[in-house]
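First up is the structure itself, then whatever we jot down about it.
The values are calculated or read from the model by the stated rules, or taken from the named source; none is laboratory data. Predicted model only: the values in this text are computed from it and were never measured. Glycine gets a Cβ as well: all are built from the backbone with ideal geometry, and neighbour counts include every protein chain shown.
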Amino acid sequence: MTRVFISSPLKNKMLNDLLAKLLEEEGFSTYLPQRDTPQVSDVKEVFEANIKAISSANIVVAVLVNHGRDLGFELGYAYALGKPIIALVGDDDYKKDKMIFGSITDTARSVEDLVQKLREYEFQ
């Protein structure tokens, strides 16, 4: 089963939950940090849990809707590991952040398009 790490701002909670549910219905195993990482005050524990989840993921989905620079580390780490990074985008605003833009393997403009792209990268 393909493991997908969903990198998205916490402020997208409803979108993140819906996206994880839809991807799971499509047969993907998802890791959504706000749901799956222990929400404790120990920063090191949270950091290590997310690092482990990114490392074990086959693909990273970057939700670049209402995003800020808070995704930069997760995407940079995934990029360094050679993970495909597919960005769910609503507009071209993400291109303003050169480091985030440079790390992206592919983009999707809808959930349907995202599922199709995930299938394309699933076995690479």
Report the residue count in segment 14-44 for those that are surrounded by 12 or more Cβ atoms within 10 Å (Cβ to Cβ) and more than 23 Å from Arg119 (Cβ to Cβ).
4
Which number in (1) at pLDDT 95 or above; (2) buried (at least 17 other Cβ atoms within 10 Å of the Cβ); (3) of a type outside the set (A, V, I, L, M); (4) touching a Lys or Arg at 6+ places or on another chain (Cβ under 7 Å) marks the one condition that Ser56 misses?
(2)
Tally the residues that are in contact with a helix residue (DSSP H, G or I) (Cβ under 8 Å, 6 or more places away or on another chain) and either assigned to a strand (DSSP E or B) or charged (D, E, K, R) (or both), restricting the search to segment 70-82.
1
Restricting to segment 83-112, give me the number of residues that are over 14 Å from the mean Cα position of the chain (by Cα) and either surrounded by fewer than 15 Cβ atoms within 10 Å (Cβ to Cβ) or in a strand (DSSP E or B) (or both).
12
Considering only residues that are within 10 Å of the chain's Cα centre (by Cα), not aliphatic (A, V, I, L, M) and not in a strand (DSSP E or B), look in segment 10-57 and name the one that is farthest from Leu88 (Cα to Cα).
Pro33
Among (1) more than 22 Å from Glu122 (Cβ to Cβ); (2) loosely packed, with under 15 Cβ neighbours inside 10 Å; (3) modelled with pLDDT of 95 or more; (4) not basic (Lys, Arg) - the single one Ala49 does not satisfy:
(2)
Just for segment 1-60: of the residues that are without any contact (Cβ under 8 Å) to a residue 40 or more places away in the chain and polar (S, T, N, Q), which one is farthest from Pro84 (Cα to Cα)?
Ser41
Can you find a residue that is at pLDDT below 95 and of a type in the set (Lys, Arg) anywhere in segment 68-81?
yes
Taking the condition of being at pLDDT below 95 and surrounded by fewer than 17 Cβ atoms within 10 Å (Cβ to Cβ), how many residues in segment 1-13 meet it?
4
